[in-house]
Amino acid sequence: MELAHVLAQHPTAALPEACGDGAMLKAAYRFFSNDDIDPQDVLSSHIESTYSRLDKVPFVLAVQDTTEVDWTGHPATTGLGPLGHTACQGLHVHSTLAFTPERVPLGLLAQHVWARDPMTLASASGASSCPLPEGKPAMAHQS
């Protein structure tokens, strides 16, 4: 919990800067390299908390957004795919956030992270030729 609090105070800082001291930095590196910590479990706890807040409001807006996380400057990172341009490498993140009509954020409802397949992007037709399930919005089955 202390690590999460420290990192939340400096969301745009590099890890050494955000942690502030060697002990916290070491704890952060241990946390992120721990194979017993499943990112989906961490995400699930946030989603559960969001759903518990939904009962307290009469109306909820579910707002979706897809963004690119560009890790081109980290060539040793594996599991990435091409972004808008094949020279850029990273991940796509599709999030569904809950808000009240008064724009009060309630939390995360769903999130899907993926890397594009370079072969799909390289094909002439690309992702636009993938048929959608009839009667389903594009991301309904994933978020």
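Derivation of every value follows stated rules applied to the coordinates shown; laboratory data play no part. Source: prediction; values computed, not measured. Methodologically, a virtual Cβ is constructed for each residue, glycine included, from the backbone with ideal geometry; neighbour enumeration extends over all protein chains shown.
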What does the net charge come to around His94 if you take all other residues with beta carbon closer than 13 Å to its beta carbon, with K and R at +1 and D and E at -1? -1
Scalar couplings 3J(HN,Hα) for the stretch 20-31 by Karplus 6.51 cos²θ - 1.76 cosθ + 1.60 (θ = phi - 60°), nearest whole Hz, x for Gly and Pro, are x, 9, x, 5, 5, 5, 4, 4, 5, 4, 5, 4
Sorted on mean Cβ neighbours within 10 Å (highest first), peptides 75-81, 87-93, 45-51, 33-39 come out as 87-93, 45-51, 75-81, 33-39
I'd like the FRET efficiency for His10 and Val57, computed as 1/(1 + (r/R0)^6) with the beta carbon distance as r and R0 of 25 Å, rounded to 0.05. 0.25
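Local charge sum around Phe31 (other residues, Cβ-Cβ under 14 Å, Lys/Arg +1, Asp/Glu -1)?
Once positives and negatives cancel, what remains is -3.
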